[in-house]
1. Please state the shape class of segment 179-224: rounded when a/c is under 1.5, otherwise prolate if a/b exceeds b/c and oblate if not, all from the C-alpha gyration tensor.
2. What residue among Y70, L106, Q90 has its Cα farthest toward the positive end of the dipole of segment 6-117, where the charges are +1 on Lys, Arg and -1 on Asp, Glu, each on the Cβ?
3. How much length is gained if the chain between A307 and K279 is pulled fully straight, taking 0.36 nm per residue apart and subtracting their Cα-Cα distance, in nm to one decimal?
4. Highest GNM mean-square fluctuation, the chain, Cα pairs closer than 10 Å: which of L69, L326, L283?
5. Rounded to the nearest 500, what is the 222 nm mean residue ellipticity of the chain from helices alone, with -39500 (n - 2.57) per DSSP H run of 4+ residues and division by all residues?
6. For segment 168-207, list residues with backbone N below 12 Å from a point placed 7 Å from the Cα of K232 toward its Cβ?
7. Mind checking which of M52, M60, M217 has the largest fluctuation in a GNM of the chain, springs on alpha carbons under 10 Å?
8. Going by the alpha-carbon gyration tensor, a ≥ b ≥ c the square roots of its eigenvalues, is the chain rounded (a/c under 1.5) or, if a/c is not under 1.5, prolate (a/b greater than b/c) versus oblate?
Amino acid sequence: MNLTELNRIATAMVVLGKGILAADESSGTIKKRFDAIGVESTEENRRDYREMLFRARDAMSQYISGVILYDETIWQNAKDGTPLIKLIEQSGAIPGIKVDEGTQALPMCPGETVTVGLDKLAERLKKYYERGARFAKWRAVIDIGSGIPSMTAISVNAHALARYAALCQAAQIVPIVEPEVLMDGDHDIERCYEVTQRVLNKTFQELRVQRVALEGMVLKPNMAISGKKCPKQASVEEVAEKTIRLLKACVPAAVPGIAFLSGGQSDEEATAHLNAMHKLGPLPWGLTFSYGRALQAAPQKAWSGKAENVAAGQRAFSHRARMNGLASKGEWQSSLEQKAA
């Protein structure tokens, strides 16, 4: 393992003013997104959509440091025959790959899941590296509800994340470690804080046990945030303050960077929260975004599967990428959103 090189890539992924585009929706998820805009989810439509994003030159070169791809996409070629992965490289962004195989029910733990995909992962990583992927992603899903999460669910998911991370580093690939505490419930921000703290502490304990070099990874956590159904929604300032306090308590300074997931927040909320965090003084690690929906909802709608809308889709994508790029430096203002509208 060449740790210097892993650290160089991890640092480039969280460079100031840029963030990661999560374009790794599974077939089921992208079908839901396409259904919402009245587009059939065919291999060709999925390719055209992603090609539109990767060819948005301004957005990709100025605000996107890396792109997480789905297995189908990493092997696809653009309409003109150029591998999609090459379009990403040409823009100066780093190609990455989602390697987990989704979740399964966790035995003896009703309502909880474990992420699977460790079998044969070493061989898969070799192929992805040869194709040009330089980082990978694995998502653990922790739900908050009555009597959950159990310590069992937290432990098995943290263990799998650490095993995945070790395999990645052995294959000279930077692991994005993503323990996501979902915001779907009616819990308040305090409960989210407490659960996320347990999850992060256990994850870093497992990473040390598995001898993962913290300097060669990126963390992709949720923010400390109220559940969607909670009657009292925490303010932007409270989300920022609690999230930073939580991360400072749990994430060692050796980690080069943290790239948040948006986790069901609206486009503007995800941007505002990230921006507010950068107002809270110097931080020990790079802090940026790794958004899927919060970067793509607007371009999907503008494109709607029509070739004549490609430019409009790219403009919508460039706008959201720029807003988040500014937020990752603490330079975003809500008035910039109105100007674009």
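1. Prolate, because a/c is 1.5 or more and a/b exceeds b/c.
2. Q90
3. 6.0 nm
4. Of the options given, L283 has the highest mean-square fluctuation.
5. Working: 14 runs with 165 residues, N = 341.
Theoretical 222 nm ellipticity from helices: -15000 deg cm²/dmol.
6. Flagged as within label range: 188-191.
7. M52
8. Judged from the Cα gyration tensor, the chain comes out rounded (a/c under 1.5).
The values are calculated or read from the model by the stated rules, or taken from the named source; none is laboratory data. Keep in mind the model is a prediction, meaning the values are calculated, not measured. A quick note on method: Cβ atoms are made from the backbone with ideal geometry, for glycine too, and the neighbour counts reach across all protein chains shown. Quick note on the areas: whole protein, heavy atoms, side chains included, nothing else; ligands and nucleic acids left out. Shrake-Rupley method; radii C 1.70, N 1.55, O 1.52, S 1.80 Å.
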